[in-house]
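A quick write-up on the structure given underneath.
The values are calculated or read from the model by the stated rules, or taken from the named source; none is laboratory data. Every value quoted in this text rests on a predicted model; they were computed, and no experiment measured them. Reconstructed Cβ throughout: ideal geometry from the backbone, glycine too, with neighbour counts over all protein chains shown.
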Ligand SMILES: C[S@@+](CC[C@H](N)C(=O)[O-])C[C@H]1O[C@@H](n2cnc3c(N)ncnc32)[C@H](O)[C@@H]1O
């Protein structure tokens, strides 16, 4: 899996000659070139094909919510010249196909974060377990081959980058401001709050935060995603900006500008 830019190791510093008085001049790095905004492409046939693949993919996202997710990500990708998106909770690539369609269309990059061993609720004996996703060699769920097949098969590997590992650990080392962040990882109290606390601060002012499985009525589903959504609104940093079904979309309204808007 590729490594996001903010996580690339830096080259070891040159120490120069042993004599500290006679150190070699430090290597100078060329100033980064000012890059033009990447090219955006709108191809309705391609979009329809990606939506069709998304609908067929294994996962937990109703079609209308997937399309609303795409629409929200399209707004993010169209708002900023350089647009970095993250989804937490890749599973088998369903939401990644919707988000990947928006990333491709707006020349953004989606980093799709998952350890690929399933959440608590995906483990044997729980409601959302799928035995066909267990790797017989390890006895553990392994959705990475399924995710890769979905993303590569859709021709999205240029726009969607898999980041395999523990979400809060990755969030703690992440440095790139996000135009769009989709939280759909572990739905238990501890993992959901860890994702929210780890990733929401990376959303740039004017950027979007989407949360899946927000159920105001406890009879419809678990509380943590709803509580994150409530906290984001109560913080004053986010305002409601659409949604569909249990998908809620928020826009960040505070903080210093960190991502260059489209000029
Ligand atoms: C509800 S599924 C994601 C569904 C996906 N968005 C879709 O559209 O089908 C939740 C995912 O979160 C992942 N996950 C749970 N806790 C995690 C953690 N701490 N770090 C990384 N991934 C995690 C699980 O492996 C699982 O694939």
By residue number, the members of region 125-162 that are near the ligand (Cβ under 9 Å from one of its atoms) and either over 19 Å from residue 54 (Cβ atoms) or free of Cβ contacts under 8 Å to residues at least 60 places away in the same chain (or both) are 141, 143, 147
Return the pairs, sorted by first residue and then second, in which the second residue is assigned to a helix (DSSP H, G or I) and near the ligand (Cβ under 9 Å from one of its atoms), the first residue lies in region 176-199 and is over 17 Å from residue 126 (Cβ atoms), the beta carbons are less than 6 Å apart, and the residues are 6+ apart or on different chains. 183/195; 194/168; 195/167; 198/168
Looking at 40, 34 in this structure, which one is more than 19 Å from residue 77 (Cβ to Cβ) and at pLDDT below 95? 34
Could you list, in sequence order, all residues of region 188-212 that are part of a loop (DSSP other than H, G, I, E, B) and either surrounded by 24 or more Cβ atoms within 10 Å (Cβ to Cβ) or out of contact with any helix residue (DSSP H, G or I) (no Cβ under 6 Å at 6 or more places or on another chain) (or both)? 212
Selection from region 70-124 of residues that are touching a residue at least 60 places away in the same chain (Cβ under 8 Å), assigned to a loop (DSSP other than H, G, I, E, B) and more than 9 Å from the ligand (Cβ to nearest atom): 81, 82, 83, 107, 108
Pick from region 123-150, criterion in contact with a helix residue (DSSP H, G or I) (Cβ under 6 Å, 6 or more places away or on another chain) and closer than 25 Å to residue 200 by Cβ, ranking: modelled with the highest pLDDT: 143
How many residues are in contact with a strand residue (DSSP E or B) (Cβ under 7 Å, 6 or more places away or on another chain) and not in a strand (DSSP E or B) if we restrict to region 125-142? 2
